[in-house]
Amino acid sequence: IEHGRPQRAEPWWRGERERLLALAAHGTPAYVYHLPTLRERARSLLDVEAIDRRYFAIKANPHPALLCALAAEGFGLECVSLGELEHVFETLPGLDPARVLFTPSFAPRAEYEAAFALGVTVTIDNVEALRNWPDVFRGRALWLRIDLGRGDGHHAKVVTGGAASKFGLPLSAFDAFVEHAHKLDARISGIHAHLGSGIVTPAHWREVYAELAGFADSVGTVDTIDIGGGLPIPYKPDAHPFDLAAWAAGLAEIKAAYPRYALAVEPGRYMVAECGVLLAHVTQVVEKQGIRRVGLDAGMNALMRPTLYDAYHGIHNLARIEEATDTAFDVVGPICESGDVFGAGRMLPAATAEGDVALVADAGAYGFVMANRYNLRALPREDVLE
Ligand code: LLP
C-alpha cells in the first residue's frame with residue numbers, strides 16, 4: 001500500500017456479475033448504470049464544505065434516472081443547448097430554474113432568448129453577443145466565462161482554454177465586456193472558467209478560484225464563482241483515484257481567503273463515469289499474422305472515446321472472470337474503420353470465444369450520449385441497476 005494517496009476501491013460490477021450477464025442476455029451492446037455508485041459520488045461532493053453549489057454537467061450522461069437521482073441529492077444541472085434545457089425540465093417537472101445553468105458555446109440567439117424565458121442562469125463568453133444582440137441581454141443578470149489564457153485536460157481535443165480554444169472571453173477583452181454590460185444595464189453576477197476535462201492536479205481549481213476572485217472583485221456585482229468541472233477518474237489500472245481530500249482542502253483555504261463569493265462547480269465525468277459499463281458480446285476471435293483479435297458487437301459507434309481521444313477503458317471477459325488473463329488480444333468492434341479498436345494488447349483469458357460477454361469499464365460518462373448509428377448499427381440499450 002502506497003501511503004498518502006487514495007487507493008481504488010473494488011469496482012461495483014464485480015459484485016453484480018450475475019445481474020449483468022442476465023441483462024446482456026436481453027441484447028447487447030448495452031450500457032448499464034449503477035445508481036448506488038452514482039449516489040456515492042454525489043455524496044462525496046456534498047461532503048466538500050467549501051462548495052456552495054453543485055451542478056451536474058448533463059452532457060456527460062443525460063439519462064433520466066441519473067438526472068433524477070442527482071437532483072434528489074440536491075445537485076443543480078448544467079446544460080449547453082436548448083435540447084438539454086428542454087430535457088431537464090421534461091425529466092424533472094417543476095424543477096426550480098434557479099438550479100439550472102446554461103453554458104452554451106456559439107449558440108444561436110434564439111437559444112439565449114429561450115433560456116432567459118425559462119428563467120435559468122445564462123453564461124456568455126464573448127463581447128460580440130452583447131454588441132450584436134443588445135435586446136437579448138439588456139437588464140439581465142449574466143454569468144461571464146473567462147479564458148484564463150491556458151488550458152488542461154486528458155487530450156488536446158478536450159482542452160478548453162488558451163488562444164487556440166473557441167471557449168471563453170480573453171483577458172484582453174475583459175474591460176470591454178464589463179463596460180458593454182454596464183451600458184446595457186446587464187449585471188455580471190457570476191464569473192466562470194472551465195479549462196478542460198480530466199485534469200489531474202487537485203491544486204488546479206483553487207488556482208482558478210483565486211484568479212477569478214480577482215476579476216470578481218474588480219467587477220463588484222459578482223456573487224458566484226464557478227470553477228468548472230474537469231475532475232478526472234482513474235481509467236488505467238495503475239492510476240490513483242482523484243485526491244478529493246486535497247482538492248477540498250485547497251478549496252477551503254482559498255474560499256477562506258475570498259469568502260464573499262458562493263463557490264460553484266460543474267463536474268460531469270466524475271459523477272457518472274464509474275457508475276456505467278458497456279456490455280457487449282464477443283462476435284469472432286481471429287488470429288491474423290501473429291495478432292489475436294477479439295471482435296465485439298459494440299464498436300466506435302457505441303463508445304467513441306478510444307477512437308476519438310485514444311482513451312483507455314478497462315476491458316474484461318465477464319463470462320470468464322475467474323480465469324487467468326494470460327493472453328494478449330486487440331479488442332475491436334464491427335465498424336468498417338481501422339480506428340475501431342477499443343484496446344490493443346489487452347490481457348484476456350486464452351479461451352475467450354464467441355458468445356462471451358465482455359465488459360468495458362468506466363463507460364458512464366460520454367458513452368451512450370456520444371453513440372451513433374454509423375454503418376447503420378443499432379444504438380446500444382441502456383439499463384439501470386438500483
Ligand atoms: N463545464 C463545461 C463548461 C464543460 O465544457 C464541460 C465539459 C464540463 C463542465 C464537464 O466536464 P467534466 O467534468 O466531465 O470533465 N467527450 C470528452 C469530454 C468533453 C468535455 C466537454 N465539456 C471525453 O469523453 O473525454
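Laid out as a table, the results:
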{"read-out": "Most mobile of ALA57, ALA163, ALA363 in a GNM of the chain (Cα contacts under 10 Å)", "value": "ALA163"}
{"read-out": "Length released on extending from ASP52 to ASP135, taking residue separation times 0.36 nm less the Cα-Cα span", "value": "26.7 nm"}
{"read-out": "Built amide H within the under 5 Å cut-off of ALA57, gap 5+", "value": "GLU78, GLY268"}
{"read-out": "Nearest-ten-degree value, helix 244-257 long axis tilted from longest Cα axis of the chain", "value": "0"}
{"read-out": "Pair GLU322, GLU18: separation of 7 Å Cα→Cβ label points (nm)", "value": "1.4"}
{"read-out": "0 to 90° range, to nearest 10: angle between helix 109-118 axis and the chain longest Cα axis", "value": "80"}
{"read-out": "Cα gyration tensor shape for the chain, rounded if a/c is under 1.5, else prolate or oblate", "value": "prolate"}
{"read-out": "Sequence ranges 348-356, 121-129, ranked by mean other-Cβ count within 10 angstrom, highest first", "value": "121-129, 348-356"}
{"read-out": "Gain upon complete extension [ALA98, ALA9; 0.36 nm per residue less C-alpha separation]", "value": "28.5 nm"}
{"read-out": "Added length on full extension, which subtracts the Cα-Cα distance from 0.36 nm per residue, GLU386 to ALA114", "value": "94.4 nm"}
{"read-out": "Between 0 and 90°, nearest 10: helix 174-183 axis offset from the chain longest Cα axis", "value": "60"}
{"read-out": "Karplus 3J(HN,Hα) series, Hz, for the range 29-42 with 6.51 cos²θ - 1.76 cosθ + 1.60 (x for Gly, Pro)", "value": "x, 9, 8, 10, 10, 9, 4, x, 5, 4, 5, 5, 5, 4"}
{"read-out": "For LEU296, residues with placed amide H under 5 Å, excluding near neighbours", "value": "THR283, VAL332, GLY333"}
{"read-out": "Hypothetical label at ALA25: residues of the range 349-386 whose amide nitrogen lies under 17 Å (7 Å Cα-Cβ projection)", "value": "355-358"}
{"read-out": "DSSP bridge orientation in the chain - percent antiparallel, rounded to nearest 5", "value": "40"}
{"read-out": "Loop chymotrypsin sites (Phe, Trp or Tyr not before Pro), the range 81-111, which have at most 14 other Cβ atoms in a 10 Å radius of their Cβ (DSSP)", "value": "PHE106"}
{"read-out": "Exceeding the 21 Å Cα-Cα cut-off - candidates LYS157/LYS288; LYS157/LYS236; LYS59/LYS236", "value": "LYS157/LYS288; LYS59/LYS236"}
{"read-out": "Max mean-square fluctuation residue, GNM over the chain, Cα-Cα springs under 10 Å, options ALA361, ALA344, ALA50", "value": "ALA344"}
{"read-out": "Under 13 Å, Cβ to Cβ, from GLU266 - net charge with Lys/Arg +1 and Asp/Glu -1", "value": "+2"}
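Readers should treat all values here as calculations from the given coordinates under stated rules, not as data from a laboratory. Computed from a prediction, not measured in an experiment: that's the story for all the values here. All Cβ positions, glycine included, derive from the backbone under ideal geometry; neighbour counts span all protein chains shown.
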